[in-house]
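Encoded as structure tokens, the structure appears first; notes follow it.
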Amino acid sequence: MRIASPPAGDVLVAAAQTDDLTTWARGDGLEIVLVVLGAILACRAVAAVGHYATRHIDAGTAELDDVVRTERGKHRHALVQVLIWLANVIVVCIAIVRCLTLLGFSLTGFVAPAAVLGVALGFGAQRIVQDLLAGFFIIAERQYGFGDLVRISTLGSETGVTGTIEEVSLRITKMRTFTGELVIVPNGQLVQVTNLSRDWARAIVDIPLWPNSDLVEAQRILREVGADVYRDPKLRPLLLDEPTVMGVETISTSFVKVRMVARTLPDRQYEVGRALRARVITAFREQGISLPTGTVIANAPGTP
């Protein structure tokens, strides 16, 4: 039994198609692969340059405390993050346009649909545009940056959230709270931002005392505690000046409060406040001064 061979014309067509596919794979197909690989390598190169820039910024402030950064350093960190994001977006867009061209799509045919899509997105993506504009002004005006301790109030929030800024981009802000939670907020939703680490900070400690206590003696002890803290080699670098006793802040029928204030480096007011409270308790115990029952030695409202 003989098997009929295909017509010669079909063989020639199949061979021509195979040759065309091979030619395309060696030409445009290979170029598409190279474009995709180039885009991936370019994005990684941008990330590497960003990491190098951030290390260079950190090295420029190596003489400062690890947590405390200059305002210029914070702004540069935020600027580097935004530039990395923009560079990646540009690289990806160029790669997509080039791949579509090599696949044979005519970009001029997308002009009219793109215009209609742009109008539709203009109405539907107003929130995104608002986020981008808000992020631009946050970075341009240096409202806050990487490493800043801030309290953010958003739409629908009454008390706000306090934490340390980990990342600022044109669209979102990432903040780490004291309990380790990562809060991501669109920039357009920010209503009020309180920067707690700009230039310097203040540790405020209110000490409750019995109404019949010797306030003169108590304030003398508190001044000694402030001088002792200022002489401490571990706490002295965190203080801008010696802690001072402001005097009686609150008077009630059950207790009076004496306020103690210390100016500190940015973001170090909580550490100084904890040290002050511990030393005040120890000093009062040594002098036989007791605190009113049911009261606490508090720091400033809204602090951990």
*Is there a residue in segment 259-277 that is surrounded by 12 or more Cβ atoms within 10 Å (Cβ to Cβ) and over 28 Å from residue 151 (Cα atoms)?*
no
_Out of 236, 263, 285, sole residue that is modelled with pLDDT under 90 and in contact with an Asp or Glu (Cβ under 7 Å, 6 or more places away or on another chain)_ = 263
*So which residues in segment 169-220 are touching a strand residue (DSSP E or B) at 6+ places or on another chain (Cβ under 7 Å) and of a type in the set (Val, Ile, Thr)?*
172, 173, 177, 183, 184, 185, 191, 193, 194, 204, 205, 207
*Do we have any residue at all in segment 265-279 that's β-branched (Val, Ile, Thr) and touching a residue at least 24 places away in the same chain (Cβ under 8 Å)?*
yes
_Where residue 259 falls short, out of the listed (1) under 35 Å from the mean Cα position of the chain (by Cα); (2) farther than 14 Å from residue 218 by Cβ; (3) touching a residue at least 12 places away in the same chain (Cβ under 8 Å)_ = (2)
*Can you tell me which residues in segment 161-214 are aliphatic (A, V, I, L, M) and not in a strand (DSSP E or B)?*
170, 196
*Subset of segment 168-182 [farther than 17 Å from residue 81 by Cβ, under 14 Å from the mean Cα position of the chain (by Cα) and not charged (D, E, K, R)]*: 177, 178, 180
*Mind listing just one residue for me: the one in segment 173-200 that is surrounded by 18 or more Cβ atoms within 10 Å (Cβ to Cβ) and in contact with a Leu (Cβ under 7 Å, 6 or more places away or on another chain) and, of those, farthest from residue 272 (Cα to Cα)?*
189
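The values are calculated or read from the model by the stated rules, or taken from the named source; none is laboratory data. Computed from a predicted model, the values in this text were never measured in an experiment. We place every Cβ from the backbone using ideal geometry, glycine too, and count neighbours over all the protein chains shown.
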